[in-house]
1. At residue A:116 and residue A:383, where each label point lies 7 Å from the Cα along Cα→Cβ, what is the point-to-point distance in nanometres?
2. Quick check: the angle from helix B:137-148's long axis to the longest principal axis of chain B, C-alpha only, nearest 10 degrees?
3. Counting helices only, and only those DSSP H runs with n ≥ 4, report the 222 nm mean residue ellipticity of chain A as the sum of -39,500 (n - 2.57) divided by its residues, in deg cm²/dmol to the nearest 500.
4. If you average the sequence gap of Cα pairs under 8 Å that are 6 or more apart and divide by the length of chain B, what percent do you get for the contact order?
5. Between region A:359-428 and region A:287-346, what is the C-alpha centre distance in whole Å?
6. Regarding region B:194-246, what are the three Cα extents along the principal axes, ordered largest first, in Å?
7. Within 10 Å of each residue's Cβ, count the other Cβ atoms and sort B:198, A:13, B:291 from fewest upward.
8. Quick check: the angle from helix A:347-363's long axis to the longest principal axis of chain A, C-alpha only, nearest 10 degrees?
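Just so it is clear, none of the values below were taken in a lab; they were calculated from the coordinates. Every value quoted in this text rests on a predicted model; they were computed, and no experiment measured them. Heads up, the Cβs are rebuilt from the backbone with ideal geometry, glycines too, and the neighbour counts pull from every protein chain shown.
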């Protein structure tokens with residue numbers, strides 16, 4: 001069979017670029033150690049969140065992608081060009097695109113493995129949940145990585161040498177980190193910075209990636225962000241390809257400015273479109289989701305089909321006798337009172353976490369499952385006002401997939417680790433039992 | 001009588017300017033199959049620009065370039081597929097090994113030479129898996145020469161293949177290039193080493209300020225020189241300049257340090273007469289050297305510049 005030299009060469013070049021990358025200590029430090037450092041830095045700040053780091057994963061992964069694209073790719077390309085490697089490649093009888101594509105694919109793998117490493121280590125070190133939508137996360141990664149690699153290609157074309165790559169890369173990296181919603185969350189940026197961020201791809205990258213971790217709807221809700229990334233990435237990629245230089249001796253001519261303008265105009269177009277379509281509105285800390293639940297919605301919840309309190313699923317012990325007569329109850333109640341997830345500053349999350357405890361005990365068929373469910377109910381009533389608790393329980397019932405749940409609590413003696421979906425389903429069941437009692441529709 | 005073989009390389013009226021500065025000005029030459037043709041010139045003469053235009057690295061302003069019958073300007077990729085090249089300013093990644101480099105470059109051609117055989121041919125077997133940054137200058141140049149042969153080309157373009165090498169490595173490269181000619185390949189090389197051009201090339205084209213000022217075999221170039229052999233000598237006692245001018249065959253004379261330099265059209269008769277003249281006056285010859293015309297003289301006549309004055313820094317040619 002006759003081989004296809006373009007494809008064959010592309011694959012060989014891709015594979016060799018990867019191999020050489022893994023032989024370079026410097027490339028390994030920048031490619032993998034720095035992302036891990038960023039993970040630990042974020043972890044040290046957000047480890048107290050529940051669950052830790054979950055709401056920062058979009059930012060964290062965007063930083064890694066930006067670093068790999070704005071620094072890693074152009075540094076490698078320009079260093080090779082300065083040495084004369086690309087000058088020698090130029091003599092090969094293949095299209096420019098196949099050689100550049102091999103380099104881009106290798107960089108995609110390097111950045112992809114660094115991002116996967118971050119997700120894995122976040123899970124192992126901090127217990128950060130994995131993405132809600134794994135397949136969509138891969139798609140989101142590509143949607144973010146490809147535009148950023150286009151920017152990297154443009155930086156490589158514009159920079160005459162490696163120090164110039166650092167300077168140009170910082171011009172992209174620092175603004176996005178500081179005021180682009182990548183390093184510093186949008187909600188704590190001043191209003192002007194929030195608006196400026198709408199002109200930068202970093203904000204849209206964070207949005208696309210974060211949705212894969214926390215938004216039950218996932219990527220379908222990120223239409224504009226995906227559009228912005230495609231526009232900015234395509235403009236940068238085309239400009240970078242047109243300005244591609246094989247030889248360090250070739251300097252840019254004036255026509256290069258036109259292509260740079262094309263790349264920058266894409267940022268402007270995205271920002272103006274966002275402004276015109278009302279997408280540059282101020283981002284504020286989100287109102288608790290349960291607050292949007294109305295009394296009418298709560299009243300429509302039914303209780304007839306609930307399992308009985310002594311049945312296998314969702315057992316619930318009767319109200320306790322005076323304290324002191326049930327040592328387990330006192331002991332578990334004390335542990336639960338000190339349990340950090342149950343003290344989440346967000347009332348909605350606090351309730352969801354406590355409901356998770358009842359759910360895990362029930363799924364685990366714990367010997368005290370009924371008592372634990374009763375302790376949780378008592379705890380909820382002492383911690384929350386009646387009206388607030390009603391709304392939160394209705395929110396859990398009506399939106400079981402929202403917020404976060406706990407799936408294991410060995411510190412409470414609950415050793416099993418049931419699937420999150422089952423915990424959510426059982427939490428909603430207990431929420432109905434509790435709400436029914438609060439509203440007087442179920443008698444204890 | 002069979003018709004002459006078509007030229008492997010044909011360059012016609014090649015012109016290239018960098019802004020207002022002409023780098024190559026109407027250069028034309030042909031290289032026959034199996035021939036080694038050398039472009040000889042100082043730095044900035046236009047050698048590299050011509051080779052880069054041939055290889056498609058630079059777009060000429062005008063001119064014809066055919067490589068193995070292919071119009072290199074109209075079909076640059078096809079031309080590259082059939083030509084092997086080694087560049088003066090090129091390198092490989094620090095950690096790539098000769099085996100990896102050969103396998104990579106071979107993968108871009110539909111039919112390619114076996115990397116293992118090239119490693120053997122260029123005496124790199126011991127360095128097969130050594131990183132590029134650990135290779136000596138000579139080993140690197142041999143690797144680049146091997147890379148130029150991965151597509152088994154009939155035509156090779158080599159830009160200053162021995163620049164910066166020590167004499168031993170240069171001799172080794174000369175042997176390898178001669179082997180290429182023996183294998184029937186056509187070689188176009190550029191050099192700023194007179195000795196290399198003389199020793200390696202079947203024909204030489206002398207470039208000066210972007211123009212090809214002469215093209216011939218080394219012997220024909222030297223034979224065409226207006227320069228005559230020169231005798232340089234010293235004697236124990238001073239000599240009368242007027243008497244030296246009357247020696248048979250002598251056409252010029254000039255003092256050189258504490259001796260003399262005589263231009264002569266008849267070396268034997270001039271030496272014989274000089275010795276007799278010294279003996280008759282009780283003088284004695286301390287030393288005598290004969291300088292035959294060389295490429296350097298040809299270069300001086302054609303360009304008005306001496307090679308010694310203009311040779312590049314770092315050149316170790318004497």
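1. Simple spin-label model gives 3.8 nm for this pair.
2. The two axes meet at around 50 degrees.
3. Details: 19 runs with 276 residues, N = 444.
That calculation yields -20000 deg cm²/dmol at 222 nm.
4. Values: 599 pairs, mean separation 59.7, N = 318.
Relative CO of chain B lands at 19 percent.
5. The two parts, judged by their Cα centres, are 7 Å apart.
6. Sorted largest first, the three principal extents are 46, 21, 19 Å.
7. On the way: B:198 19, A:13 25, B:291 15.
Arranged by neighbour count, lowest to highest, B:198, A:13, B:291 become B:291, B:198, A:13.
8. 70 degrees
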